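Working notes, structure below.
The values are calculated or read from the model by the stated rules, or taken from the named source; none is laboratory data. Because the structure is predicted, anything quoted here is derived from the model rather than measured. Positions of Cβ are backbone-derived with ideal geometry, glycine not excepted, and every protein chain shown enters the neighbour counts. Remember, those area values only see protein heavy atoms, side chains included, never the ligands or the DNA or RNA. Shrake-Rupley method; radii C 1.70, N 1.55, O 1.52, S 1.80 Å.
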Number of protein chains: 6
Amino acid sequence: MDMLANVVEELGRVSENPSPEAVGRMMKLLRNVFFPNLYRETAPGPAERMVAAILEEQTGSRDTADAFVAELPAIRDLLYKDVAAVAHNDPAVTSIAEIVLSYPAITVMMHYRVAHSLLEMGVAMLPRMITELAHSATGVDIHPAAKIGEYFAIDHGTGIVVGATSIIGDHVMLYQGVTLGAKNFSYDSDGRPIDKPRHPILEDNVTVYSNTSILGRVTVGHDTVVGGNVWLTHDVPPFSRILQTNAVTEPIFEHGAGI
Amino acid sequence: MDMLANVVEELGRVSENPSPEAVGRMMKLLRNVFFPNLYRETAPGPAERMVAAILEEQTGSRDTADAFVAELPAIRDLLYKDVAAVAHNDPAVTSIAEIVLSYPAITVMMHYRVAHSLLEMGVAMLPRMITELAHSATGVDIHPAAKIGEYFAIDHGTGIVVGATSIIGDHVMLYQGVTLGAKNFSYDSDGRPIDKPRHPILEDNVTVYSNTSILGRVTVGHDTVVGGNVWLTHDVPPFSRILQTNAVTEPIFEHGAGI
Amino acid sequence: MDMLANVVEELGRVSENPSPEAVGRMMKLLRNVFFPNLYRETAPGPAERMVAAILEEQTGSRDTADAFVAELPAIRDLLYKDVAAVAHNDPAVTSIAEIVLSYPAITVMMHYRVAHSLLEMGVAMLPRMITELAHSATGVDIHPAAKIGEYFAIDHGTGIVVGATSIIGDHVMLYQGVTLGAKNFSYDSDGRPIDKPRHPILEDNVTVYSNTSILGRVTVGHDTVVGGNVWLTHDVPPFSRILQTNAVTEPIFEHGAGI
Amino acid sequence: MDMLANVVEELGRVSENPSPEAVGRMMKLLRNVFFPNLYRETAPGPAERMVAAILEEQTGSRDTADAFVAELPAIRDLLYKDVAAVAHNDPAVTSIAEIVLSYPAITVMMHYRVAHSLLEMGVAMLPRMITELAHSATGVDIHPAAKIGEYFAIDHGTGIVVGATSIIGDHVMLYQGVTLGAKNFSYDSDGRPIDKPRHPILEDNVTVYSNTSILGRVTVGHDTVVGGNVWLTHDVPPFSRILQTNAVTEPIFEHGAGI
Amino acid sequence: MDMLANVVEELGRVSENPSPEAVGRMMKLLRNVFFPNLYRETAPGPAERMVAAILEEQTGSRDTADAFVAELPAIRDLLYKDVAAVAHNDPAVTSIAEIVLSYPAITVMMHYRVAHSLLEMGVAMLPRMITELAHSATGVDIHPAAKIGEYFAIDHGTGIVVGATSIIGDHVMLYQGVTLGAKNFSYDSDGRPIDKPRHPILEDNVTVYSNTSILGRVTVGHDTVVGGNVWLTHDVPPFSRILQTNAVTEPIFEHGAGI
Amino acid sequence: MDMLANVVEELGRVSENPSPEAVGRMMKLLRNVFFPNLYRETAPGPAERMVAAILEEQTGSRDTADAFVAELPAIRDLLYKDVAAVAHNDPAVTSIAEIVLSYPAITVMMHYRVAHSLLEMGVAMLPRMITELAHSATGVDIHPAAKIGEYFAIDHGTGIVVGATSIIGDHVMLYQGVTLGAKNFSYDSDGRPIDKPRHPILEDNVTVYSNTSILGRVTVGHDTVVGGNVWLTHDVPPFSRILQTNAVTEPIFEHGAGI
């Protein structure tokens, strides 16, 4: 396997990488920027300047840092819409503060929306480290390169995977364990897998229930509901409802027999 | 969307919320109370008093704090039964200490049983923060309002979701990725989703295998086994066995073709 | 339930257990040993000696500590092959460093390969604590007793479970939510579940897609692809392709109806 | 030297001692009890209960813990008088908060007054650990057994030593580097030094300037000022002023010659 | 005593004060700004921006923060001259790095010169907290309001006190335990001590040896050496040498008699 | 001033220095090696191996690390004698554990004896960083190059300075604020001060009381007592007793007049 030689060679070189601790501190500061009445370790203005300083250090570019800070109000608006979407989709919610403080959805989306913004500015490595922080904390893995519209909601979240070339419209809701994945891919002449569109497109107003896998560059039409535990690898027209074919039920003759 | 206006308004107000650090410290002290021979940072008696002090501070109520401490022996008894249930269901167990120290099940149940007890006393916000701590650490998300009987067992756990109005009997075992979720819900005149019974009831002696989703206010009768990867949205009589209909198997003609 | 008496009795005894903090420090040092150009908190030579010291302290055996250090180069070789396997299977990879720094796969495999090596040397308790660290951080739960070949790849990982008696060949790829589990087991005369082979065997070149459950001592033949969301409890011949039978699609007549 | 045999013997035995970390936490909580408007990590009520819990754990006695908490208002009154004394003696003070937040005097006196109270209740080991914490932070070493009246002031403090049998009246001010020490002592038949009154008595309204040493069981009468750099080993009547005899001044003939 | 009423009243009000943790972080960042080749936690440019952000937050003024950052090169030049002065005065120095990394002098002067600069800009409370940090770490207490010239050197430092209205010229060296203090002061009609010039003036090229106390608004002329353990309360002309009058020596007749 | 050019030049170069955090961790491990029954974070055997690993990393030399570990029993014997000397000289001692846990003397001597041993092996920079750690914690500054005999005792310690070329015999006791310093020194042709013997020699059985300064290469003969606040710059024969000439006492005519 040629790839092993690459691994040995690349890991044999000294490399300079972003510091995970700095990334963690930056995300904590951003909580103060986005939700200044809930998190008050640092005032929003100074927090923005510290974020800029950390970004400048980790990327080596002051322009990038300043450009990112200029994006913060827009990211905040998107995040508030995500909060609204969660509130809209969960009857157990008792207050907006509860969503921000104890729903993984907001942790996930804050990390994703920040990482996506940085990736669009051409920042390397950092965006993936940011989403991986959220992945480790919540079990939700959204690639920073995925495109996600407004009012995106997830509930419990654990096990959700959204691949790098996924495109998600507005008002989409994903339940736990949903995969938007790739089915297969081909290799270039150097044996490296080719990075081309290979993940699903979900149009507006799509809901996907728990543990369903949608794979490949398929399009799920708008205003569609996909039930749970479905394995979906083909296009779906708008206004559809997809369900797993019924499971069989048998009586148990021996008590406690297992399955 | 009206909900966004709510979000902006509520997040624009200064609010006083429990401290996540204090919650974390309280849960660490409770380990010493429940398992004094395994965790010995703090002696059980003083640990209880510190728990009471933290609770008083975070809830603003000394009565609540004292009432909770009075509940600790009962919670401990429930936890020990959960430990016994895990031991009963996993042949890989080599000692009881191993379960407490390295099975996520005990982390999950300690947080859930404490949070449920606090919720029953009328404490706000704190219970959800407590279960979210366990969710982040283990990938298991049990809503503190769910009702769970004795001898509850989970194994690896990741991805389990138990919704707020679920009712679970005694001797129930859930494998990883199982969802006890809601199918749908309606909205009140203000556009807020209505909180009413919408999650499943599992009677005594039910086992649910990995990645199965059970949705809506359905009842799974006692002494039933639900196989894995099943999408279940209807009632099941006692003594049943539910299985996914068989998958199809085809020969692969091209080696390495993907799916 | 007799098991409860065991629980109460065993937890009533004072016991001496490994320190989770020491285990965490050891794993952090091992990052420096395996990837000295990416993690540079401690030079590799001294890091090895500190690892040995921690192991000696936690196991009480200097011989074990020295034997483990002698295994480190072999574990490192296995890890580099796992890195190569991830690179081979994900088109989104932009550099090898990115894999090590931001893919949970490497966290998982570093913990598993270290824990498996210690378990083979007869070390108790510690191996499970090590894999549980990775489980908590990544949502992937691989039992240290499982046997896993070379070039093992997982991608997002969350929800993967690999049971204690699983046997996995070379060049195997598991997607998120895959369970290699047990179907049932019997009890000995003391009411303790019997630990015997009860998890699947996956031969070389097997790929299993997201959320599939494979249960029991079944063999999945080499060069096989198992699709996602499949419930598989029987043997599969080599060169197979297993798919969930198709889900049904219905038009939605009422907009926003849920499922 | 017989004492070495004692050292080897006593250090060869396993002993159970208070935890320095717990002591540090307790003192931090007490800041919240004494100065609730300046330090707000913990509300005063819960802080008192946590202090009680820590004390119970470290001393093994709940009675001691409760008795100490009952003393807190009295200790607080004494501390406020010490703050007033500092304000009275330093023209550089701009606010009372400044004294509490940035004068070592208050750190010193909070530790001493707490330690002295515990020592009077018969608590062993802990009082010395508490004053040593302040000694390390401020360079001021007041033995918990010393008796100190009201309105005690120190300014910069570094180097002040107040021995175990010292007795200090009200309105006393000590500048930096002042020693209230012992001149000599005798040994018992086992070769251990005998603990009897051997440090000075300072009556009310005494001020001692920097770097002066007062040694032995001498009495400095009330309303007396002792200048700096004096070596004083005899009694002084009330209303005295003690000065070092004048230093000699010589012209320097060679520039930069040193001394 | 009226002052006690003030204390009780002021401490009874809620007040907003700078965070000691933030101050500590700021000083750590400044090490990276001043000595970028020795401390490399943060690159100098970003470190400056983070310092500005912390200052803005703690003082509530962005102008102050920006003004302070503009002063940093000047402060750095002064600090380097202090380093040179230490190197000039200690034969035990083996490298400049050794001075910065292991001499308290540089810790002291970095904190003093930063605090003095902030005080001159009119910042309240913060300067005293900064110098008190250095006081606690080194035992050297220099009031931020004191004026100190270039090439200031201290050696071991412990116990040095430099009062608020002291004026120190260039090329001055103070040994450990030296006090530049006040002798007395008067009170205003409210019973508050009056803040007017009351500490010594040391002209250029003055050296003061260990444990000497110089008190009151006296002037020590340039090119003067003051020996150790002197109590000095009067003016000294330039080019002087001041010594303690000789101590008496007596034979000891009884061995081990003490003093 | 040429020295400034040196400072600017040397600080302008990137340099690799020992990590203060690593030094701190090493000293904490050594507490476990020297006092295994009082500090039990790490077992003595593994603690020694970790110390060796840290030393190897910080010095870059495995031989040095191994040589130092071989010295540990000898250092421990010296430390125990220092503990015995403290016990012999302080009637307030209630147990040996109290000395180790709450007397700065043992912190000081542990750091000095370790640093001195490393310096003798030719290790650079590290020894000064080690003694500076103790200096900051205790206010006692003993240069690692000083030579100190057995049974060395200090009591409160703050402000003690022992210069680099000092030589101290057995059974010597120094009280707080004592300086063993240099009087003057000359410069080489490059303007660097020359490092030659310039600090005092104290023979066996010498006691020096508080705040006394002994300067220059003078010899204090054995069995001598030097009183406090003395300025001593000449040789003293054995069996001497040195006292400050008496201070003058005057009646105070005006109450509260200051000095």
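If you go through the stretch B:58-76 and keep only what is within 14 Å of chain D (Cβ to nearest Cβ) and either of a type in the set (G, A, S) or open to solvent by 50 Å² or more (accessible area, probe 1.4 Å) (or both), you end up with B:G60, B:S61, B:R62, B:D63, B:A65, B:D66.
One line per residue, one yes/no per condition, for (1) more than 11 Å from chain D (Cβ to nearest Cβ); (2) free of Cβ contacts under 8 Å to residues at least 24 places away in the same chain; (3) within 11 Å of the chain's Cα centre (by Cα):
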residue: F:D155; (1), (2), (3): no, no, no
residue: F:D170; (1), (2), (3): no, no, no
residue: F:M173; (1), (2), (3): yes, no, no
residue: F:F185; (1), (2), (3): no, yes, no
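Only a single item in (1) over 17 Å from the mean Cα position of the chain (by Cα); (2) within 22 Å of F:P197 (Cβ to Cβ); (3) not aliphatic (A, V, I, L, M) is not met by F:T94, and it is number (2). Taken together, the residues in the stretch D:190-217 that are open to solvent by less than 30 Å² (accessible area, probe 1.4 Å), of a type outside the set (S, T, Y) and under 13 Å from D:G163 (Cα atoms) amount to 7.
Within the stretch B:130-139, does at least one residue satisfy the condition of being open to solvent by less than 10 Å² (accessible area, probe 1.4 Å) and touching a Leu at 6+ places or on another chain (Cβ under 7 Å)? The answer is no, given that none of the residues of the stretch B:130-139 is open to solvent by less than 10 Å² (accessible area, probe 1.4 Å) and touching a Leu at 6+ places or on another chain (Cβ under 7 Å).
What tally of residues in the stretch D:194-225 results from selecting those that are within 14 Å of chain E (Cβ to nearest Cβ) and on the phi > 0 side of the Ramachandran plot?
Residues meeting the conditions: 3.
Quick one: count up the residues across the stretch D:97-107 that are open to solvent by less than 40 Å² (accessible area, probe 1.4 Å) and within 17 Å of the chain's Cα centre (by Cα). Within the stretch D:97-107, residues that are open to solvent by less than 40 Å² (accessible area, probe 1.4 Å) and within 17 Å of the chain's Cα centre (by Cα) number 5. Scanning the stretch C:153-167 for residues that are touching a Lys or Arg at 6+ places or on another chain (Cβ under 8 Å) and either assigned to a loop (DSSP other than H, G, I, E, B) or surrounded by 23 or more Cβ atoms within 10 Å (Cβ to Cβ) (or both) yields C:G163, C:T165, C:S166.
The residues of the stretch D:168-188 that are part of a loop (DSSP other than H, G, I, E, B) and β-branched (V, I, T), listed by number, are D:V172, D:V178. In this structure, E:G227 does not qualify as open to solvent by less than 10 Å² (accessible area, probe 1.4 Å), over 23 Å from F:T207 (Cβ atoms) and modelled with pLDDT of 90 or more.
Checking the conditions here, which among A:L55, A:L79 is under 30 Å from B:F185 (Cα atoms) and open to solvent by less than 40 Å² (accessible area, probe 1.4 Å)?
A:L79
D:N37 falls short on exactly one of the conditions (1) at pLDDT 90 or above; (2) in a helix (DSSP H, G or I), and that condition is (2). Do you know which residues across the stretch F:140-151 are of a type outside the set (D, E) and more than 10 Å from the chain's Cα centre (by Cα)? Selection gives F:G149, F:Y151.
Run D:A85 past the list (1) hydrophobic (A, V, I, L, M, F, W, C); (2) touching a strand residue (DSSP E or B) at 6+ places or on another chain (Cβ under 6 Å); (3) within 24 Å of D:G24 (Cβ to Cβ) and report the number of the one that doesn't hold. Condition (3) is where D:A85 drops out.
Just to be sure before I move on: is B:E150 open to solvent by 10 Å² or more (accessible area, probe 1.4 Å) and in contact with a Ser or Thr (Cβ under 7 Å, 6 or more places away or on another chain) in the structure I sent? Answer is no for this residue.
Could you list all residues from the stretch C:137-171 that are among the charged types (D, E, K, R), at pLDDT 95 or above and over 14 Å from B:H156 (Cα atoms)?
C:K147, C:E150, C:D170
Among the numbered conditions (1) touching a strand residue (DSSP E or B) at 6+ places or on another chain (Cβ under 7 Å); (2) within 14 Å of chain A (Cβ to nearest Cβ), the only one that E:A105 does not meet is (2). Taking into account only those residues within the stretch B:103-146 that are outside any loop (DSSP other than H, G, I, E, B) and without any contact (Cβ under 8 Å) to a residue 24 or more places away in the chain, which is farthest from B:A164 (Cα to Cα)? Applying the filter and picking the extreme gives B:S136. Answer yes if at least one residue in the stretch E:85-94 is assigned to a loop (DSSP other than H, G, I, E, B), more than 9 Å from chain F (Cβ to nearest Cβ), more than 19 Å from F:G139 (Cα to Cα) and open to solvent by 30 Å² or more (accessible area, probe 1.4 Å), and no otherwise. Checking the stretch E:85-94: not a single residue is assigned to a loop (DSSP other than H, G, I, E, B), more than 9 Å from chain F (Cβ to nearest Cβ), more than 19 Å from F:G139 (Cα to Cα) and open to solvent by 30 Å² or more (accessible area, probe 1.4 Å). Considering the stretch B:244-259, and only residues there that are among the aliphatic types (A, V, I, L, M) and over 16 Å from A:W231 (Cβ atoms), the residue that is modelled with the highest pLDDT turns out to be B:I252. Restricted to the stretch D:124-153, and to residues there that are of a type in the set (D, E, K, R) and at the interface with another protein chain (Cβ under 7 Å from one of its Cβ atoms), the residue that is nearest to F:A134 (Cα to Cα) is D:E132.
So which residues in the stretch B:1-57 are touching a residue at least 60 places away in the same chain (Cβ under 8 Å), among the charged types (D, E, K, R) and either facing another protein chain (nearest Cβ under 7 Å) or closer than 25 Å to A:E98 by Cα (or both), if there are any at all? Correct list: B:D2 only.
Specify which of the listed residues (B:T165, B:T179, B:T107, B:T138) is under 29 Å from B:A5 (Cα atoms) and of a type outside the set (F, W, Y). When all the criteria are applied, what remains is B:T165. Scanning the stretch F:211-232 for any residue that is of a type in the set (K, R) and over 20 Å from F:H143 (Cβ atoms) turns up nothing. When B:G228, B:G191 are checked against the criterion of being assigned to a loop (DSSP other than H, G, I, E, B) and either more than 10 Å from every other protein chain (Cβ to nearest Cβ) or under 20 Å from C:T179 (Cα atoms) (or both), B:G228 stands alone in meeting it. When restricted to residues that are surrounded by 15 or more Cβ atoms within 10 Å (Cβ to Cβ), out of contact with any Pro (no Cβ under 8 Å at 6 or more places or on another chain) and not charged (D, E, K, R), the stretch B:21-36 contains 8.
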